[in-house]
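Structure record follows, encoded as structure tokens.
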Amino acid sequence: MRSLWTSTTGMSAQNLNMDVIANNLANVSTSGFKKSRADFQDLLYQIMKVPGSPTSTDTNSPTGIQVGLGVKTAAVTKIFTEGDIVQTGNTFDVAIEGAGFFQVTLPDGNTAYTRAGNLKLDGSGRVTTSDGYPIVPEIVIPEDARNVTISETGVVSALVGDNSTSTELGNIDLADFINAAGLIAIGKNLFRDTESSGVALIGTPGSNGIGTLLQGYVENSNVNMVEEMTQMIVTQRAFEINSKVITTSDEMMRTVTTMV
């Protein structure tokens, strides 16, 4: 029976949808996290009568007979809407207001990208992520630096030693992409570019459509718990109704096989 296999694909799709929702909810407190959405599409159709086929010498079938064979996952898309920006007062918490990503050097020398701006200093004074990966371009804060400031355009400056005038220590550049949804998530709040995302467009914060920086703030996850809970209820009900189809199909098969 087609309905057995069709409903099986439905249960499998809803199970994956629940996995996506669970990951969104698990990261509701993750700085810079971007929620995902599962997209589905119908499978092939068994065409028993082609629409428009002749039904007589003067008439054609207006609709035909097409029986669908289920559903499949088309994509799991990252949604790069901006999360809530919360004030922390921490010197090295930096939020991106608008488009853009911080650039990070991985241990293998490759570059990754992140929206998580809860930056830190390592033992050498380099500005890094929570995992110790230095940002690009590299910025080193001297040991005797004080009153470190990060401007909206990414200029990092501080009072160094006994100087009463501010010293510029470097600039934070941001990367942007034509299709940010094409980035591949590698964990640790990091993304890598792909052919689908396009090459990184590097620029100064506040220019060419790139967002500005806010020192002392951090961007929270863009997960909306109410929306996710609603989607979870819908997904659960869809899973239940597909399992009911399997039960009903089984009962129909049992009736047929027990007929005398």
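The values are calculated or read from the model by the stated rules, or taken from the named source; none is laboratory data. Just so it is clear, the structure is predicted and the values come from calculations on it, not from any experiment. A quick note on method: Cβ atoms are made from the backbone with ideal geometry, for glycine too, and the neighbour counts reach across all protein chains shown. With ligands, DNA and RNA removed, areas are computed over all heavy atoms of the protein, side chains included. Shrake-Rupley method; radii C 1.70, N 1.55, O 1.52, S 1.80 Å.
Figure note: V218, V226 ranked by solvent-accessible area, largest first, 1.4 Å probe, ligands and nucleic acids not counted: V226, V218. A Cβ-based charge dipole, computed about the Cα centre of the chain with Lys and Arg at +1 and Asp and Glu at -1, lands at about 1160 debye. Semi-axes of the equivalent ellipsoid for the stretch 50-137, computed as √(5λ) from the eigenvalues of its C-alpha gyration tensor and ordered from largest down, come to 58, 16, 10 Å.
Distance from the Cα centroid of the stretch 43-88 to that of the stretch 151-200 is 41 Å (rounded to whole angstrom).
Each stretch of four or more DSSP H residues adds -39500 (n - 2.57); spread over every residue of the chain, this sum gives -8000 deg cm²/dmol at 222 nm.
Among the protein heavy atoms of the chain, carbon and sulfur supply 54% of the accessible surface, probe 1.4 Å, non-protein parts ignored. Treating each Cα of the chain as an identical point scatterer and summing with the Debye formula, the log10 of I(q)/I(0) at q = 0.10, 0.12, 0.13 Å⁻¹ comes to -0.66, -0.81, -0.89.
Put +1 on the Cβ of each Lys and Arg and -1 on the Cβ of each Asp and Glu in the stretch 125-195; which of L174, L190, V160 then has its Cα farthest toward the positive end of the dipole? About the Cα centre, the residue reaching furthest to the positive side is L190.
When R146, R192 are compared by accessible area of protein heavy atoms, the largest-first order is R146, R192, using a 1.4 Å probe. Counted by Cβ distance under 13 Å from T257, the other residues give a net charge of -1, where Lys and Arg count +1 and Asp and Glu count -1. Picking from N27, N147, N242, which is most flexible by a Gaussian network model of the chain using Cα springs under 10 Å? Highest fluctuation of the listed residues: N147.
Between the residues T212, P54, S151, the greatest Cα displacement towards the positive end of the dipole of the chain, with unit charges on the Cβ of Lys, Arg, Asp and Glu, is found for P54. Relative contact order, whole percent, for the stretch 1-120 stands at 25, derived from Cα pairs under 8 Å and 6 or more residues apart.
In percent, rounded to a whole number, the relative contact order of the stretch 114-257 is 18, using alpha-carbon pairs under 8 Å and six or more apart. Only Cα sites of the stretch 59-198 enter the Debye sum here, all with the same form factor; the resulting log10 I(q)/I(0) across q = 0.21 1/Å is -1.34, listed in q order.
Per-residue 3J(HN,Hα) values for the stretch 124-139, derived from phi via the Karplus relation 6.51 cos²θ - 1.76 cosθ + 1.60 with θ = phi - 60°, read 9, x, 6, 7, 9, 7, 5, 8, x, 7, x, 6, 10, x, 5, 10 Hz in sequence order (x marks Gly and Pro). Let me know the volume per residue of the alpha-carbon convex hull for the stretch 208-260, in Å³. Output value, Cα hull per residue: 109 Å³. Under 5 Å from the amide H of N222 lie the amide H atoms of F33, K35, each residue being 5 or more positions distant or on a separate chain, with H modelled from the backbone and absent for Pro and chain starts.
Relative to the longest principal axis of the Cα atoms of the chain, the long axis of helix 225-257 lies at roughly 20 degrees. Summed over the residues of the chain and divided among them, the accessible surface reaches 56 Å² per residue at a probe radius of 1.4 Å. Expressed as an acute angle from 0 to 90° and rounded to the nearest 10, what is the orientation of the C-alpha long axis of helix 2-26 relative to the principal long axis of the chain? It works out to around 20 degrees. Among the GluC sites (Glu not before Pro) found in the stretch 135-225, those both in a DSSP coil and sparsely packed, with 16 or fewer other Cβ atoms within 10 Å of their Cβ, are E138, E143, E152, E195. In order along the stretch 55-65, the phi-based Karplus estimate (6.51 cos²θ - 1.76 cosθ + 1.60, θ = phi - 60°) of 3J(HN,Hα) comes to 10, 7, 5, 10, 10, 10, 6, x, 10, x, 10 Hz; Gly and Pro are listed as x.
Taking the convex hull of the alpha carbon positions in the stretch 6-86 and averaging its projected area over all directions gives 7.6 nm².
For the chain, with a Gaussian network of springs between Cα atoms less than 10 Å apart, report the residue from I21, I47, I85 with the top mean-square fluctuation. Greatest mean-square fluctuation among the candidates belongs to I47. If you run the Gaussian network model on the chain, springs between alpha carbon atoms under 10 Å, then out of N118, N110, N90 the most flexible one is N110.
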